[in-house]
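Worksheet: the structure to be examined is printed underneath.
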Amino acid sequence: MKNLNSSFFILHSSFSPMFIEQNYPLLSHNTFGIEAATRWFISYDNEDELRKILSDEYFLSQPVLHIGAGSNLLFLSDYEGIILHSRISSIELISEDDHFVELRVGAGMTWDDLVIYTVGKGWGGIENLSNIPGEVGASAVQNIGAYGCEAKDVIVEVTAYDMQTGEKHLFGNKDCEFGYRHSIFKGKWKGRFIVTHVTFRFSKQPQFSLEYGNLKQVLDGKEINLQTVRDAVITVRASKLPDPEVLGNAGSFFMNPFVSRSQYELLKEEYPDIPSYPVSENSVKIPAAWLIDHCGLKGFQQGNAAVHDKQPLVLVNKGGATGKEIASLAEKVREQVKAKFNIEINPEVAYIG
């Protein structure tokens, strides 16, 4: 199984600062709390180390998966290949003027640590994305979003390495082809590039977005500033979303579906309270949580996997669930939503294995 003559195993020597382990358990690297393992696990601390890995003959011959904090992954089985993880967590000031500041941030930095840092500096742009699990690199890959804000609103540039050639590339905001929970790194170039840094632009005169969720209600009577908005977001999230440290989950499991306005109008005749958000002149977005709830699935349990009893958009591991159990529950949810509303809801979570 392993090529002892490969330079990969030279990297594995005691002279290498990289963390390289064989048959490595992934329990602490997925927020679902799934018991799985990978044949090889490598953490690297800088771009030079990544370049060494990408030039290794053995590495190039193996299946490779790059992960962040594992907050958007569902392992269906052990991974028979190499899992890579970035520990690059630097913050570099790129530019600053009276209105904006640009930071180049390592992909391995915990996302909420960046939010804490910018809020503390008085720089606005990601306060509504507080307490989202994951790392900075994933913010660009997934185009994370919450409460009316998305990562694409503040991303200037993404630095990434081509896994096939080892070459470094810079992707501007438009190059990333950002969409709803989507980027070119999830679409055209899925599995091809490794993000090492993301450059963000933050505002020194923040404009607040308070129209989503219960933010206005929580902020009623309070001074509106970056810290109070962050606190309100955390409060709202905590009231609806389970803590992965307590109950294994990956946050929102499904993406909100887009439907045509004509289909929405037909649904509204039958369900007058159905909520929606305009997307364009001809389409609207319907909350997947509402659809799942109105299928009577809130709190539904199948084996050791369940639909969360407060937020039906979240699937949870009640203890000892396998990835396949959770995937089976997800399919049941999708089937019932399709049968009742004739709407397809798709997983936001990536299935591995």
**Message:** Let me cross-check S90: its accessible surface, 1.4 Å probe, with only protein heavy atoms counted, in Å² to the nearest 10?
**Reply:** 60 Å²
**Asked** Percent of accessible area on the chain owned by carbon and sulfur, 1.4 Å probe?
**Response** 48 percent
**Message:** Please list, by residue number, everything in segment 307-348 whose backbone N is under 15 Å from a paramagnetic label point 7 Å out along Cα→Cβ of V246.
**Reply:** 308-311, 316-319
**Prompt:** At a probe radius of 1.4 Å, what is the per-residue accessible area of Y277, in Å² to the nearest 10?
**Reply:** 90 Å²
**Prompt:** Which residue, G106, G299, G134, has the most motion in a Gaussian network model of the chain that connects Cα atoms within less than 10 Å?
**Reply:** G299
**Message:** What FRET efficiency comes out for K332 versus R261 if R0 is 45 angstrom and r is the Cβ-Cβ distance? Round to the nearest 0.05.
**Reply:** 0.95
**Message:** Using only the alpha-carbon atoms, how far is helix 226-240 inclined from the longest principal axis of the chain? Give it as 0 to 90 degrees, nearest 10.
**Reply:** 80 degrees
**Request:** Report, in whole Å, the centroid distance computed from the Cα atoms of segment 149-168 and segment 286-353.
**Result:** 31 Å
**Asked** Please identify the trypsin sites (Lys or Arg not before Pro) of segment 172-244 that satisfy two criteria: DSSP loop assignment and at most 12 other Cβ atoms within 10 Å. Which are they?
**Response** K188, K190, K222
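Report the local net charge at L215: Lys and Arg +1, Asp and Glu -1, summed over other residues whose C-beta lies under 13 Å from its C-beta.
Here the count lands on +1.
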**Fill in**
Candidates H169, H308, H99; GNM for the chain (alpha-carbon contacts under 10 Å) flags as most fluctuating H99
**Asked** Per-residue ellipticity at 222 nm for the chain, helices alone: DSSP H runs ≥ 4 residues times -39500 (n - 2.57), over residue total, nearest 500 deg cm²/dmol?
**Response** -7000 deg cm²/dmol
**Request:** Compute the long axis of helix 323-341 from its Cα atoms, compare it with the longest principal axis of the Cα atoms of the chain, and write down the angle in degrees, 0 to 90, nearest 10.
**Result:** 30 degrees
**Request:** Compute the relative contact order of the chain as a whole-number percentage, counting only Cα pairs closer than 8 Å that sit 6 or more residues apart in sequence.
**Result:** 16 percent
**Item:** Cβ-placed point charges (K, R +1; D, E -1), dipole of the chain about Cα centre in debye, nearest 20
**Value:** 620 debye
**Request:** For K332, K121, write out the residues from largest to smallest accessible area, computed with a 1.4 angstrom probe and no ligands counted.
**Result:** K121, K332
**Item:** Net charge of neighbours whose Cβ lies under 10 Å from the Cβ of A107, counting Lys and Arg as +1 and Asp and Glu as -1
**Value:** 0
**Prompt:** Got a sec? Charge dipole of the chain, +1 on Cβ for Lys and Arg, -1 for Asp and Glu; which of P133, L297, P347 is way out at the positive end?
**Reply:** L297
**Request:** Return the long-range amide H neighbours of F254 (sequence gap of 5 or more, or a different chain), with a cut-off of under 5 Å between placed amide H atoms.
**Result:** E348
**Theoretical FRET efficiency, 1/(1+(r/R0)^6), r = Cβ-Cβ of D273 and A350, R0 41 Å, to 0.05** = 0.80
**Request:** Would you mind computing, in nm to one decimal, how far apart the modelled labels at Q164 and Q301 are, each placed 7 Å from Cα along Cα→Cβ?
**Result:** 4.8 nm
**Asked** Considering the chain as a Gaussian network with a 10 Å cut-off on Cα pairs, which listed residue, H294, H29, H66, attains the greatest mean-square fluctuation?
**Response** H294
**Prompt:** Can you give the accessible area per residue of the chain, in Å², using a 1.4 Å probe?
**Reply:** 47 Å²
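Only sites in a loop by DSSP and with at most 16 other Cβ atoms within 10 Å count here; which GluC sites (Glu not before Pro) in segment 24-104 make the cut?
For GluC sites (Glu not before Pro) across segment 24-104 that sit outside H, G, I, E and B with at most 16 neighbouring Cβ atoms in 10 Å, the list reads E35.
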**Fill in**
Those GluC sites (Glu not before Pro) from segment 121-219 that are DSSP loop and have at most 13 other Cβ neighbours within 10 Å turn out to be E167, E211
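The values are calculated or read from the model by the stated rules, or taken from the named source; none is laboratory data. Predicted, not measured: the structure shown is a model, and the values here were computed from it. With ideal geometry, Cβ positions are generated from the backbone for all residues, glycine too; neighbour counts draw on all protein chains shown. Accessible surface is based on the protein model in full, side chains and every heavy atom, while ligands, DNA and RNA are left aside. Shrake-Rupley method; radii C 1.70, N 1.55, O 1.52, S 1.80 Å.
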